[in-house]
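Notes for the one structure printed next.
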Amino acid sequence: MRTSREIRKEIETRFGFFPPFYAPAESDPQVLENLWQQTLQAYVESPLPVLFREKLFAYLSRYCEAPYCLVCHSCALRPLGMKGSEVLELLEALPPAHGAIDETLARMETLGEASGTWPEPGSALEEDLFRCCVFLFVQQTQVERCRERVRRLLGPVLYAHLTLFLAYVKSCHLWVEAHPELSFEEDPRAREHLGPLLREEPRLGTFFVHYGERVRSEREQRERRLLEAAEAGHRAEMLSETLRRQTHALRESETHLRLALDSAALGTWDLDPVAGALRWDTRCKALFGLPAEAEVDYATFASAIHPEDRPRVDDKVQQAFVLGGSGEFRDEFRIRRFRDGVERWIASQGRSFFDARGQAVRLIGTVMDVTERRRLEDNLRFLAQASETLAASLDYEDTLRRVATLSVPVLADWCSVDMEEQGQLRRLITVHREPEKVRLGNEMHQRYPQGQEEESGPHQVLRTGVPLLVEELTDEALVLYAKDAEHLRYLRELGLRSLLIVPLRARGRVLGSVTLVRAESGLRYGQEELRLAEELARRAALAVDNALLYREAQKAIELREGFLQVAAHELRTPVTSLKLNAQVLLNCARREAAWSERLVSHLTGMDRGVSRLSVLVDELLDVSRITSGRLVLHLEDVDLAELVREVVERIRPEAERVGCELRLQVPGPVVSRWDRLRLEQVLSNLLSNALKYGAGYPVEVALRVSGTQVLLQVRDEGIGIDPALQERIFERFERAVSDRHYGGLGMGLWITREIVTALGGSIQVESAPGKGATFTVALPGREMPGAEA
Ligand code: ADP
């Protein structure tokens with residue numbers, strides 16, 4: 001191993017002086033040798049061009065905290081031809097950042113491929129290489145690409161020397177930093193060149209003094225930028241993640257929307273009111289009967305809408321654009337499909353969008369074909385209306401006429417109703433919107449009436465009871481059907497297109513038929529219309545049947561009433577003469593002592609029987625009169641008090657016979673305008689019942705005046721009436737007792753109530769079984785003096 005002196009000598013030989021750099025190593029020859037060998041291999045004998053090497057050393061030394069290397073190697077540049085300003089420019093240059101080095105590398109890529117040789121000194125490529133060296137020295141991360149590029153450019157040998165050189169610079173820095181006593185002022189290079197350099201460029205001095213701060217601030221700035229870039233990168237990453245998720249969600253919701261639109265068979269539209277542009281999706285176009293590639297605008301839309309609906313729809317669209325309005329469009333309207341002219345119902349709704357100035361910029365919405373729903377609704381409405389019409393009257397002919405009128409134009413352009421009468425069809429009515437057409441139809445019907453033998457048409461339906469549906473009445477069919485040329489002319493003129501005949505069937509009998517015809521509307525009958533027409537016919541037939549039954553019942557009632565009246569009159573004459581004769585005989589018998597007691601008794605019984613018969617006949621007559629509304633009142637001034645006394649006297653023998661004590665509470669005269677005979681009848685009925693159902697007990701008759709009301713009360717203490725039956729006993733033929741125990745027809749109380757009601761009064765009963773009954777008749781009378789309050 002050499003001594004330090006020997007090594008120092010060699011150093012002096014090589015440099016021409018002994019740089020103070022090695023001084024700290026002199027005490028240990030091994031260290032000195034090591035340091036010197038590094039210098040020799042990496043620096044002195046390096047194949048890197050001297051200027052490049054020195055410039056790099058000087059520049060990289062800005063990163064060494066001790067100024068020794070920076071100053072010495074800057075000074076070394078002067079003998080290599082660089083001026084003070086050029087040195088300052090070199091040292092002040094910013095180290096390349098990541099972005100810049102990417103550009104450098106890209107440029108180097110285009111400048112030349114790996115040659116294994118050093119680039120031309122001073123060339124752009126060498127400058128790029130310089131930047132790469134600085135980058136590799138300064139940066140700790142993401143240097144692989146740069147390293148790889150430099151290695152490819154220089155080839156393995158030069159690359160190894162360059163690396164060795166960079167490592168050596170680093171070692172030198174560490175060395176001088178470790179030996180702060182080292183001073184550049186003692187370095188001959190500095191002594192010789194620093195002065196001239198500073199004179200050339202005084203700012204170089206400032207740089208040497210402040211380079212530490214400068215490099216630190218550069219580093220901080222770089223780190224801040226890196227941090228910012230990292231943050232920005234992170235934010236960008238997050239943003240792109242959010243975007244990715246949102247795009248995914250959007251795509252998903254778009255799919256859902258499409259699914260929803262598809263499953264609801266919804267088409268979409270988008271109207272730009274400013275540009276007047278309208279966009280329809282394929283389904284929307286299909287709904288309007290247009291091919292997918294068709295161009296549309298608002299005029300296309302408007303032209304499809306039914307003329308009656310157009311102004312309304314247009315108005316609603318305009319309303320949706322009004323700022324401050326609902327901003328919504330919603331309507332159902334008819335359209336005529338472009339493809340086939342078929343009428344459809346469309347339900348559409350949309351929402352407007354406004355810009356910042358409140359100007360409507362878009363109206364977006366959906367369309368849906370609701371024809372089926374509308375048709376169902378129409379059908380239901382039509383049937384409900386028909387039912388109402390059918391229920392309104394019991395005159396079936398009038399009803400059928402109204403139903404036929406109702407069917408036009410909902411169900412038909414033409415509607416005729418034919419009723420069966422003794423095997424023949426009688427046309428009840430023919431309806432068409434235009435009277436002229438009706439005239440023409442009737443004319444044809446008269447000239448070419450349908451005979452029973454007819455193989456098709458209403459007669460066929462009447463015969464078979466099976467409906468007839470001819471979806472398409474072709475001209476050939478008309479030719480076949482026509483009886484002659486004139487008939488064919490009629491048929492053609494009527495413009496018949498589609499035919500439907502349904503039977504009016506009730507209780508297994510076909511009563512007639514309804515003929516429905518589609519003509520100028522261009523519509524055709526199908527199964528749905530057939531079902532609707534059958535339902536209509538079913539309801540109509542039921543109404544007709546009811547009306548017929550009602551008519552029959554009316555007839556039967558009239559017949560019975562007539563009979564009752566005749567029978568009662570017939571009975572009355574012999575009963576009257578029988579009664580007269582019985583009374584004459586009875587009077588004679590009472591006078592003639594010779595006549596036996598028994599005879600008187602028999603005659604009395606006969607007289608009672610005849611009286612009873614007479615009452616029954618009268619009641620029958622009254623029932624008939626009242627039922628047919630022929631009860632006539634004969635009003636006159638009647639003193640009810642007197643009348644009550646008379647009737648009570650008249651019935652007294654009967655009361656005595658059945659063991660009833662008659663009690664009377666009657667005030668002075670109670671006069672008003674009443675029907676005397678009818679009031680007698682009322683009181684007789686109530687008294688007869690009291691004697692019948694209260695036999696053996698007292699019966700009380702009371703007459704009271706209360707304000708303008710006159711109250712007539714008949715109270716007995718007989719069997720009484722079950723409260724549940726008290727309402728019913730006033731009805732015709734209703735009884736609360738069995739026929740076996742008590743005779744009677746259940747007409748008395750009904751007639752009584754009818755009379756009382758006709759006189760403007762009312763009747764009530766208070767009773768409990770076994771506790772007797774009190775019947776109270778309230779009649780309107782005149783204001784009486786001394787009446788109860
Ligand atoms: P009827 O000829 O049966 O007496 P009414 O019309 O006079 O017919 O009376 C109807 C029914 O009312 C009677 O059948 C009887 O059940 C009941 N009724 C009427 N008056 C009395 C009464 N005073 N006490 C008990 N039941 C009575």
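The values are calculated or read from the model by the stated rules, or taken from the named source; none is laboratory data. Predicted model, so just to flag it, every value in this text is computed and none were measured. So basically every Cβ, Gly included, is an ideal-geometry build from the backbone, and we count neighbours across all protein chains shown. Areas reflect the complete protein model, heavy atoms only, side chains present, ligands, DNA and RNA absent. Shrake-Rupley method; radii C 1.70, N 1.55, O 1.52, S 1.80 Å.
Would you mind calculating the relative contact order of region 632-780 from Cα pairs under 8 angstrom and at least 6 residues apart, reporting the percent as a whole number?
In percent, rounded to a whole number, it is 23.
What is the antiparallel percent of DSSP beta bridges lying wholly in region 632-780, to the nearest 5?
Working: 24 of 28 bridges.
Once the DSSP bridges in region 632-780 are tallied, antiparallel ones form about 85 percent.
If you take every DSSP beta bridge whose two residues both sit in the chain, what share of them, in percent to the nearest 5, is antiparallel?
Around 95 percent antiparallel, to the nearest 5.
Sorting check: for 651-662, 486-497, which peptide has the highest mean count of neighbouring beta carbons within 10 Å, and how do the rest follow?
Top to bottom by mean Cβ count within 10 Å: 486-497, 651-662.
Just the accessible area per residue of region 381-545, please: how many Å² with a 1.4 Å probe?
Heavy-atom SASA per residue in region 381-545 reads 49 Å².
Note the angle between two axes, namely the Cα long axis of helix 435-447 and the longest principal axis of the Cα atoms of the chain, as a number of degrees from 0 to 90, rounded to the nearest 10.
60
Give me, ordered by chain and number, the residues 5 or more places off S498 or on other chains with an amide H under 5 Å from its own placed amide H.
Excluding prolines and chain starts, which carry no amide H, the hits are L473, R518.
How far is it, in nm, from the label point at S601 to the one at S171 when both lie 7 Å from their Cα along the line to the Cβ?
For S601 paired with S171, the spin-label model returns 17.4 nm.
Amide H of G781: which non-local residues (sequence gap of 5 or more, or other chain) have their own amide H closer than 5 Å, using H built in the peptide plane?
Q709, V710
Quick one: check the C-alpha center-to-center distance for region 412-444 versus region 191-260, whole angstrom.
96
Taking all protein chains as present, what is the carbon and sulfur share of the accessible area of the chain, in % to the nearest whole number, probe 1.4 Å?
Numbers: 22880 of 42500 Å².
Of the solvent-accessible surface of the chain, carbon and sulfur hold 54 percent.
How many angstrom lie between the C-alpha centres of region 102-167 and region 459-485?
Their Cα centres are 103 Å away from one another.
Please list, or write none, the lysines whose alpha carbon is within less than 21 Å of the alpha carbon of K437, excluding same-chain residues fewer than 8 places away.
K483
May I ask which residue of A275, L603, P196 lies farthest towards the positive end of the charge dipole of the chain, with charges of +1 (Lys, Arg) and -1 (Asp, Glu) on Cβ and the Cα centre as origin?
Farthest towards the positive pole: L603.
So what is the relative contact order for the chain, in percent, with contacts set as C-alpha pairs under 8 Å and at least six apart?
Reported relative contact order: 6 percent.
I'd like the Karplus ³J(HN,Hα) series for region 621-636: coefficients 6.51, -1.76, 1.60, θ = phi - 60°, whole numbers in Hz, and an x wherever there's a Gly or Pro.
Each residue of region 621-636 in turn: 4, 5, 4, 5, 5, 5, 4, 8, x, 10, 6, 10, 9, 10, 7, 7 Hz.
Given 0.36 nm per residue, what is the gain on full extension from A768 to S27 after removing their alpha carbon distance, in nm?
251.9 nm
Roughly how far apart, in whole Å, are the Cα centres of region 488-516 and region 45-97?
116
Please compare each pair in K9/K55; K285/K316; K579/K771; K83/K170 to a cut-off of 30 Å on the Cα-Cα distance and tell me which ones are over it.
Violating the 30 Å limit, Cα to Cα: K579/K771.
In sequence order, what are the phi-derived ³J(HN,Hα) couplings for region 47-53 according to the Karplus relation 6.51 cos²θ - 1.76 cosθ + 1.60 with θ = phi - 60°, rounded to whole Hz, with x for glycine and proline?
The phi angles translate into x, 5, x, 4, 4, 4, 4 Hz.
Mind pulling the angle between the C-alpha long axis of helix 202-263 and the longest principal axis of the chain? Nearest 10 degrees, somewhere in 0 to 90.
Between helix and principal axis, roughly 30 degrees.
Whole-Hz ³J(HN,Hα) for each residue in region 383-392, computed from phi via Karplus 6.51 cos²θ - 1.76 cosθ + 1.60 with θ = phi - 60°, x for glycine and proline: what do you get?
Going residue by residue, I get 5, 4, 5, 4, 4, 4, 4, 5, 7, 6 Hz, with x marking Gly and Pro.
Could you order the peptides 230-236, 721-727 from most to least packed, using the average number of other C-beta atoms within 10 Å per residue?
Answer by packing, highest mean first, reads 721-727, 230-236.
So what's the net charge close to A124: Lys and Arg +1, Asp and Glu -1, counting the other residues with Cβ under 12 Å from its Cβ?
Taking every Cβ under 12 Å from that of A124, the sum is -2.
Note down the net charge around L759, summing +1 for each Lys or Arg and -1 for each Asp or Glu among other residues with Cβ under 15 Å from its Cβ.
Values: positive: R673, R676, R678, R753, R782; negative: D622, E636, D637, D675, E680, E754.
Around L759, the charge tally is -1.
If you line up the long axis of helix 144-178 against the longest principal axis of the chain, both from Cα atoms, how many degrees apart are they, to the nearest 10?
Taking Cα atoms only, the helix is inclined about 70 degrees.
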